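The structure appears below as structure tokens.
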Amino acid sequence: MKKILLALVLFASLTSCKKSDKAEEPKKIAIVVSTLNNPWFVFLAETAAKKAKELGYESKIFDSQNNTALESDHFENAISSGYDAILFNPTDAAGSVANATKAKEAGIPVFCMDREINSADAATSQILSDSYSACVQLGKLFVETLDKKGNYVELLGIVSDNNTWNRSKGFHSSVDNYPGLKMVAQQSADFDRNKAMEVMESILQAHPDIDGVFCGNDAMAMGAYQALVAANKADKVKVFGFDGAEDAINSIKEGKLTATPMQFPKIIADTAATYADEYFKGKKDFPKKLPIAVEVVTKENIDKYIAYGKK
Amino acid sequence: MVQKIIKYFLILLFFGLLLYNAVYFKKISEMQVLKIETVFDAKAYAKTYLLEKIPAAKKEAVAVADLLSAMKKDSKKAFTAFSHFQNEGDMKYFFVKGEGKVTAIDEEFVTLKIASGTEIKLAIQYIFGNTSRDCSGIISIDDFSNTMDLNNVSEEINKLIKSEIVAPFKTKVQKGDRISFLGGIELSQSEPKTDKLEIVPLQLEINSK
């Protein structure tokens, strides 16, 4: 009997020790990003980690390598390792819903950054760039730059990502009003610089006479520009990107790219980390979707901007 | 013997529980109906918005002359008082009403002179973007499961404006007509340009000469 009592006392003291240890441990935030093979997402993830640290939390960055199955593993990992919140940049608008739902069921809040999931309630909040509105503005600039006429090419991002279509649709909602502008090719290059270069090279063989290229992100714009340089067409063809990445901003300064809508990854990442902090402190009422405005950067207003944001 | 019966019963119960509801059958037609029901109908949503909700919200619109006067006085206050938006960016939207006399008609615009003598332009050719959707403040992003649906609403509203509002108006309007309108305006908060305002029409009526 004495032995049993002793065992019970020991067990109780051990569990209470564990509880108080957990209470004193800083909370942990998992940052799951679609890919680290793109400097924009590296900046997003590192900014989120920096903000989490400033707020007093431990964090770890998980790279999904644009693979929803790997992303799913990261979520399993984060849930079983006791992470308290997930800052999430999804790989797939539809396919990533299950992962966010899994975390929600485990009582872990998910805050989406930049990319959206097709669910109003799987994530606690989604902080997203207003890509559509930005591309409406970019489309207007495209029309003016090409003087309402000419042939153009569109390079799409990952086709299962909502940003790809929000950008494309916003752009076309402006440009398609002008029958003098003819889209001669529209292909996906998966938001990837090397793939964009290859795709552009093959498009140029079929359509050597083009006046403009609209790319769904800056990495693809840089790849397309490289292909145009190789084909001796860089001076004639106007290239438009999307993101506000460092090399794109430098290229606009140098007159290589024409424009890029500037997303604000710092605002997105800081807001997501701050929301997690507020959640830990008891707040539960967050906007389901928070659109962050995007601003079009050109050679005329470049002085106001630096890579990934405003000066 | 009894032990064996209990053992087999427990094994059977275990597998029974394991398989219970693990496999079930449904007709493909039932699943297709479910899928169709969950597809968002942007066209129907846009139709209700433009043809029912907008006319019903007329009293919420600010008179265009009042907006111009408020802008002249203090543009920051005017933005706070009258603008609507989905994001915290530079571009904001206004839901306006007014009437005026047609002074010019070209391919892109019908120009009106309002009572204050100011000229404004009604867009009749290029109607795109989010002005028509966001100006009234009726539509919220939280009403949608994804932003593509929200943006499709803009596209459908703009198509409807062209076909249901602008097309019949263009065939009848003449210089000298008196027009009353409901519309949306997009303005930059950092550089609000209020001379010759461009209005996306949401409702147009030709009253008389």
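Derivation of every value follows stated rules applied to the coordinates shown; laboratory data play no part. In this text, all values refer to a predicted model and were calculated from it rather than measured experimentally. Cβ placement follows ideal geometry from the backbone for every residue including glycine, while neighbour counts extend to all protein chains displayed.
Let me spell out the model: positive unit charges on the Cβ of Lys and Arg, negative unit charges on the Cβ of Asp and Glu, origin at the Cα centre of chain A. What dipole size does that give, in debye rounded to 20?
Details: 37 positive and 41 negative charges, 179 e Å.
I would put it at about 860 debye.
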Placing unit charges on C-beta atoms (Lys and Arg positive, Asp and Glu negative, everything else neutral), compute the dipole magnitude of the protein assembly as shown about its Cα centre in debye, rounded to 20. 1240
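Chain A: D in µm²/s via Stokes-Einstein (Kirkwood Rh, Cα pairs, 20 °C, 1.002 mPa s)? Walk me through the numbers before you get to the answer.
Details: Rh = 20.8 Å.
Once the numbers are plugged in, D ends up at 103 µm²/s.
Run through every distinct alpha carbon pair of the range A:156-248 and return the Kirkwood hydrodynamic radius in angstroms, one decimal place.
On the way: mean 1/r = 0.0753 Å⁻¹.
Value: 13.3 Å, from the Cα pair sum.
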Could you tell me which residue out of A:183, A:196, A:207 lies farthest along the dipole of the range A:152-208 toward its positive end? Charges go on the beta carbon: Lys and Arg +1, Asp and Glu -1, centred on the Cα centre. A:183
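Given the range A:236-310, what percent of its DSSP beta bridges are antiparallel, to the nearest 5? All intermediate terms of the calculation are to be shown ahead of the outcome.
Values: 6 of 8 bridges.
For the range A:236-310, the DSSP antiparallel bridge percentage is about 75.
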Could you give P(r) for the protein assembly as shown, binned at 20 Å from zero, as whole percent values over all Cα-Cα pairs? 20, 45, 26, 7, 2, 0
Which of A:162, A:126, A:142 sits closest to the plus end of the dipole of the range A:81-174, meaning its Cα is farthest towards the positive end, when Lys and Arg get +1 and Asp and Glu get -1 on the C-beta? A:142
Percent antiparallel among DSSP beta bridges (both partners in chain A, rounded to 5): 15
Looking at chain A, identify the longest residue range that excludes and avoids all GluC sites (Glu not before Pro) in DSSP loops having at most 12 other Cβ atoms within 10 Å. A:1-253
Cα-centre dipole for chain B with unit charges at Cβ (Lys and Arg positive, Asp and Glu negative), debye to 20: 460
Quick one: if you stick a label point 7 Å off each Cα along the C-beta vector at residue B:99 and residue A:229, how many nm between them? 6.3
Okay, helix-only estimate at 222 nm for chain A: each DSSP H run of n ≥ 4 adds -39500 (n - 2.57), divide by all residues, round to 500 deg cm²/dmol; what do you get? -14500 deg cm²/dmol
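Only loop residues by DSSP count here, and only those with at most 16 other Cβ atoms within 10 Å; note down the trypsin sites (Lys or Arg not before Pro) in the range A:87-130 that meet that.
none
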Once the Cα gyration tensor of chain B is diagonalised, what are the square roots of 5 times its eigenvalues, in whole Å and ordered largest first, as equivalent ellipsoid semi-axes? 56, 20, 12
Derived scalar couplings ³J(HN,Hα) [the range A:70-76; Karplus, 6.51 cos²θ - 1.76 cosθ + 1.60; whole Hz; x for Gly, Pro]: 5, 4, 4, 4, 4, 5, 4
Work from the charge dipole of the range B:37-118 (Cβ charges, +1 for Lys and Arg, -1 for Asp and Glu, about the Cα centre) and give the residue of B:93, B:48, B:118 farthest towards its positive end. B:118
Tell me whether the range A:198-272 comes out rounded, prolate or oblate; compute the Cα gyration tensor, take square roots of the eigenvalues as a ≥ b ≥ c, and use a/c under 1.5 as the rounded threshold. prolate
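Take every DSSP beta bridge with both residues inside the protein assembly as shown and express the antiparallel ones as a percent of the total, to the nearest 5.
Working: 35 of 76 bridges.
Around 45 percent of the beta bridges assigned by DSSP in the protein assembly as shown are antiparallel ones.
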Please check chain B for the longest run free of chymotrypsin sites (Phe, Trp or Tyr not before Pro) that are loop-located per DSSP (anything but H, G, I, E, B) and have at most 11 other Cβ atoms within 10 Å. B:26-209
